[in-house]
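The values are calculated or read from the model by the stated rules, or taken from the named source; none is laboratory data. Computed from a prediction, not measured in an experiment: that's the story for all the values here. Cβ placement follows ideal geometry from the backbone for every residue including glycine, while neighbour counts extend to all protein chains displayed. What goes into the accessible areas is simple: the full protein's heavy atoms, side chains included, and nothing from ligands, DNA or RNA. Shrake-Rupley method; radii C 1.70, N 1.55, O 1.52, S 1.80 Å.
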Amino acid sequence: MNEQRISLKTVNDLRVDASQAALRFFIPAYQRGYRWSPLQVEQLLEDVREFTVRPNPQPDEFYCLQPLVVMARPTGDFEVVDGQQRLTTLLLILRHFNERLAKRYQQTVYTLAYETRPGLDDFLENPTEEAANENVDFFHLDQAMQTIEQWFGAQDTIVEDMKSALLNKTKVIWFQLADSDKPVDAFTRLNVGKIPLTNDELIRALFLRRTGPHGGEAAVVPLRIAYEWDQLEKALQSDAFWYFLSNTRGKEQNRIGFLFELVSRAEGMPSGVESDAYGIFHTFNQRLRAQGATPESEWKKVKQTYLMLEEWFEDRVLYHMVGFLVSEGMSLNDLRALSMECTKSAFEKHLRQEIFKRAIGEDLRDSSDERVIREHVADRLDALSYNHHSGKIRSLLLLFNLANSFTESPIQSAFSVRQLQERTLGYRACSFGSRRQTRAFS
């Protein structure tokens, strides 16, 4: 073939050639082995399942996977340049369908041959724990096979629907290189410098595509979310606001991801996704699949969290107390827990108690005796030395300056705190400097 060719192929098209012989795919040595996690396998199955229950299905609709880049070889098979992880997972699912049938009803499926793993066919036919423990590729294959079996075992009634959707309504973008192309060069172009999508970019697509029935109010929801999203992102670009929330600089283009992480961790992340790079996306994806969940209801939680943080930022007293605790390493979700189901004055009291505990090292929640409190503070200060407690002294100096600021005018307060930071602390720049309005929602 003298030129590149691109087309759409169903998974059924990948099984056999025109003569009904199994298509053969070759995985060259420059490819890494199979590395999909159980979570990624489940995500593929869930996406196909969701496609099968979509509202108002149309005959020409299909679920599209990412490109499969191949090159024809003189031996009659195809060298896989990109997409072998998906191709391998699809093969495992097809083999699972066959395992459910008597041998005479089983379909012919394509084959994979790893240049560095000649025993792949034997392992797929007879996977053993011993072989899985001796070979990292076989280990991940075994994990994927178990995941597929468990997933279908829990949803036995939809096997035929899933099989039909996967074979006939799931397509890959088939990109076949020309004979003159160099596969290794193509592999490098496709994989070196590839910029992965961030959690917030994936979540945005999640919110804006799950709109429910077409027309009416439902059609307005994604537009409103998109507008509010842009306003919120713009507000988070304020460095004064950002450093109030976080000790890290953060990338300006995806600071909103910090907000999604707060919300996802506050309500609890599903088991097994916390260490995943896309765990936050998977969390929101699962929540939006829950019965009764809507993009609007989930977005409302995100927006309410932002408005809470903005309220703290704009309130002079909360701004300083929350800012101090964040600088001391207290998480915003722990702070939010202190604010739940209590009045503003009660929240301020909780913050003062937490500040005292962290600064002085004593929990005096039950004490209202000013003399006792003063003794604790005096004892703590007497025990400090610059040689051994410079970090704690720095924190206490900042706290002292903040306490003094409450008796000054707002302008003097902002100036004095910023001045102390610049001259004495040298860290957490801007956190307690001058503030400006960041309201994004009326």
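Considering the range 97-125, and only residues there that are assigned to a helix (DSSP H, G or I) and open to solvent by less than 20 Å² (accessible area, probe 1.4 Å), the residue that is nearest to GLN150 (Cα to Cα) turns out to be PHE97. Per the conditions (1) free of Cβ contacts under 8 Å to residues at least 24 places away in the same chain; (2) touching a Leu at 6+ places or on another chain (Cβ under 8 Å), the sole criterion not satisfied by ARG95 is (1). Here PRO74 fulfils each of the conditions (1) surrounded by 12 or more Cβ atoms within 10 Å (Cβ to Cβ); (2) assigned to a loop (DSSP other than H, G, I, E, B); (3) not basic (Lys, Arg) apart from (1). Residues that are open to solvent by 20 Å² or more (accessible area, probe 1.4 Å), assigned to a helix (DSSP H, G or I) and at pLDDT 90 or above do occur in the range 52-67, at least one of them.
Just one of (1) at pLDDT below 90; (2) open to solvent by less than 10 Å² (accessible area, probe 1.4 Å) fails for GLU310. It is (1). Which residues, taken from the range 1-24, are surrounded by 12 or more Cβ atoms within 10 Å (Cβ to Cβ), within 16 Å of GLY76 (Cβ to Cβ) and not hydrophobic (A, V, I, L, M, F, W, C)? Answer for the range 1-24, where residues must be surrounded by 12 or more Cβ atoms within 10 Å (Cβ to Cβ), within 16 Å of GLY76 (Cβ to Cβ) and not hydrophobic (A, V, I, L, M, F, W, C): ARG15, ASP17, ARG24.
Residues in the range 331-351 that are without any contact (Cβ under 8 Å) to a residue 40 or more places away in the chain and charged (D, E, K, R) were compared, and the one that is surrounded by the most Cβ atoms within 10 Å (Cβ to Cβ) is GLU348. Just to be sure before I move on: is ALA293 open to solvent by 60 Å² or more (accessible area, probe 1.4 Å), touching a helix residue (DSSP H, G or I) at 6+ places or on another chain (Cβ under 9 Å) and among the aliphatic types (A, V, I, L, M) in the structure I sent? Taking the combined requirement at face value, the residue does not satisfy it.
With a cut-off of at least 3 residues that are modelled with pLDDT of 75 or more and more than 20 Å from the chain's Cα centre (by Cα), name the helices (runs of 4 or more DSSP H) lying wholly within the range 177-282.
Per the criteria, 183-191, 217-236, 239-245.
Restricting ALA132, ALA165 to those that are at pLDDT 85 or above, open to solvent by less than 30 Å² (accessible area, probe 1.4 Å) and either within 25 Å of ASN12 (Cβ to Cβ) or not in a helix (DSSP H, G or I) (or both) reduces the list to ALA165.
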